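The values are calculated or read from the model by the stated rules, or taken from the named source; none is laboratory data. Treat the numbers as computed from the prediction; the structure is a model and nothing was measured. So basically every Cβ, Gly included, is an ideal-geometry build from the backbone, and we count neighbours across all protein chains shown. Only protein heavy atoms, including side chains, enter the accessible area calculation; ligands, DNA and RNA are left aside. Shrake-Rupley method; radii C 1.70, N 1.55, O 1.52, S 1.80 Å.
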Amino acid sequence: MTTNLLSSIPNFIFELLANNGKPAAGAKIYTYESGTNVLKATYSDAFGTAANTNPIIVNAYGRAQIFGSGVYGIEVTDSDNSTILNRINGIVLLS
């Protein structure tokens, strides 16, 4: 399986900040097949051997390692399920 980086942030890390500029600890990143409601797998390693949960729960620093392959739709909520980022489709994984 060829895997690519979902986030362009250095060190293969997706980082979320809350409106106050502090890390969005516990935020949830849902990943879908682009344009659908079908969940799509991502991985915490470049080899695709360690699957992420879906939603991916970011750590106390608002970070998660996210690898995958293809085109994704994403939705992000805070730890209380309030929308941070409305559903965005067409996120292409970078090589």
Assuming Ala51 fulfils every condition listed in (1) open to solvent by 60 Å² or more (accessible area, probe 1.4 Å); (2) modelled with pLDDT under 85; (3) under 14 Å from the mean Cα position of the chain (by Cα) apart from one, which condition is it?
-> (2)
Could you count how many residues in region 31-45 are of a type outside the set (S, T, N, Q) and open to solvent by less than 50 Å² (accessible area, probe 1.4 Å)?
-> 4
If you take the residues of region 15-65 that are free of Cβ contacts under 8 Å to residues at least 24 places away in the same chain and in a strand (DSSP E or B), which of them is farthest from Ser79 (Cα to Cα)?
-> Ala51
Identify, by number, the condition in (1) crowded, with 17+ Cβ neighbours inside 10 Å; (2) in contact with a strand residue (DSSP E or B) (Cβ under 7 Å, 6 or more places away or on another chain); (3) within 26 Å of Asn20 (Cβ to Cβ) that Tyr61 doesn't meet.
-> (1)
Out of Glu75, Glu15, Glu33, which single residue is at pLDDT below 80 and among the charged types (D, E, K, R)?
-> Glu15
